[in-house]
Amino acid sequence: MNSSPSNPVQALQRWRHQLTVPQFTVVTGLLVIVVGTFVMASPLCSRETVGLWQALFTVTSAITVTGLSVISVSHDLTPFGQVVLAGLILTGGLGLMAITTFLQGFVQGRSGLRHRLDKGRALDEFGVGGIGPTFNSILITATCVMGIGAVVLYAFGFTNIEQPGQRLWASVFHAISAYNNAGFGLWDNSLVDYRDNAVVNGVIASMIVIGGIGWRVINDLWANRLRLRKLRRLSLHTRLVVRSTVLLIVVGAIGLLITEHFGFRATAMGDLSLWQKIQITLFQSITTRTAGFNTIPLSAQSITDAGLLLIILLMFIGASPGGTGGGIKTTTFAILMGATRSTLEGRSDVLMHRRQIPDGTVLRAVGVTLASVLFVVLMALLLGIGPSAAGASGHQTFSFLEKLFTCVSAFATVGLDLGVTANLNRWGQLVLMVGMFVGRIGILLLLSALYGNRPQLRVGYPREDLYV
């Protein structure tokens with residue numbers, strides 16, 4: 001008699017203990033979004049203009065540190081709602097996978113070697129270290145960087161804000177958003193009003209880069225800060241991330257400068273001086289790779305098609321593993337380039353900086369890239385079905401480039417918008433929300449959650465070449 005009421009509870013506990021780390025991560029992420037939606041839609045957080053749907057989209061964008069928005073943060077959210085939004089950004093940016101894995105240690109109470117390895121894979125970790133030191137390292141690094149950034153912005157950046165409380169909150173909010181590569185701003189035009197403010201540009205860009213390269217790289221650089229001239233002391237991961245990041249920033253800035261300076265129909269920077277163009281393109285090259293801030297108006301009319309295509313490529317590559325950004329990651333791009341070079345040189349092994357990359361790592365890089373491309377294509381196809389192809393009202397049409405730009409921005413958790421997101425119907429916005437969640441969780445982690453841990457095959461098969 002007494003056991004029947006506890007059967008559902010026992011079944012729930014058994015199901016909870018059977019969840020793998022990827023499954024637990026996905027479930028926890030969805031639960032946070034659901035709870036956050038009801039909190040954000042309450043009168044404490046938002047005005048009457050924000051309903052459940054707008055709250056759901058905003059919370060999903062915040063948890064996935066994307067920055068796409070269908071509301072005005074300054075007008076539609078109360079001060080408490082802005083604090084909740086910042087908290088959601090921190091939850092997603094400091095590592096949704098790290099936090100849920102940390103919680104699972106208490107829920108499951110198991111610490112066997114296999115589970116510690118599983119946790120390590122969920123965190124992009126190498127080795128079998130516990131979650132505690134990892135999470136502490138993430139938290140300490142983030143607190144120091146965001147604290148310094150907020151102080152500099154308050155003292156030297158947002159000096160045009162006279163009210164000290166408003167200036168302090170603007171500094172803290174944008175420091176949180178920048179480090180977590182979220183792209184949310186308190187103003188509807190992002191940072192356009194601070195286009196010529198070198199302090200704001202420099203601080204925001206620096207925090208984007210630091211958050212994007214990840215805590216592991218920061219720790220490695222800090223540990224070897226007195227011996228940085230000897231780059232070989234740094235790990236291969238750190239060297240690849242730093243060099244790839246610098247190369248992409250420089251190439252992106254030069255590319256945007258060329259397309260918008262010489263391109264036909266380039267109106268975003270048409271009347272600016274060369275120095276202003278250099279400053280803007282450098283900032284935009286940095287923020288394009290998953291941050292989502294902009295210091296110039298973005299639209300299909302103000303940016304050339306070549307510039308939009310270049311931004312799409314930069315967004316798709318994204319930040320680095322262990323960072324707060326999305327995309328396929330800089331190391332994945334570097335491995336693909338290394339594999340291409342090895343193929344052209346007729347080598348069977350992928351060598352990078354006098355190190356041989358394991359075949360399994362190369363296969364994962366290829367798999368992540370191909371799966372990401374297919375997913376973005378699927379998003380673009382779904383976005384073009386029915387009324388979503390013409391906007392919510394049916395009177396505004398979007399070009400394929402605009403829809404593709406928005407899909408990549410959502411999947412890579414960037415947040416740059418050409419004015420498409422708010423004008424989509426709910427079907428189109430649902431496609432973007434799914435894309436943001438999948439992009440933040442990661443293709444491989446999502447597949448692991450869906451299919452579970454499959455045993456390794458112990459049977460070998462004969463090999464046969466194919467014509468390529």
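Relative contact order for the range 250-300: 39 percent, from Cα pairs under 8 Å spaced at least 6 residues apart, divided by residue count. In a fully extended conformation the segment linking L450 and V151 would gain 103.3 nm over its present Cα-Cα distance, using 0.36 nm per residue. With N counted as the residues of the range 16-75, its alpha-carbon radius of gyration over 2.2 N^0.38 Å works out to 1.29. Here the label points at L374 and L401, each 7 Å from Cα along the C-beta direction, are separated by 2.9 nm in the simple model.
Normalised by the number of residues in the range 241-335, the mean separation of alpha-carbon contacts (under 8 Å, six or more apart) gives a relative contact order of 31 percent. Compactness of the range 255-332 was expressed as the Cα radius of gyration divided by 2.2 N^0.38 Å, which yields 1.12.
Spin-label model, W427/D349: points 7 Å from Cα along the beta carbon direction are separated by 5.3 nm. Extension gain, S137 to L226: 0.36 nm times the residue separation minus the Cα-Cα distance gives 30.0 nm.
None of the figures in this text is laboratory data; all of them are computed from the coordinates on show. Computed from a predicted structure; not experimentally measured. Methodologically, a virtual Cβ is constructed for each residue, glycine included, from the backbone with ideal geometry; neighbour enumeration extends over all protein chains shown.
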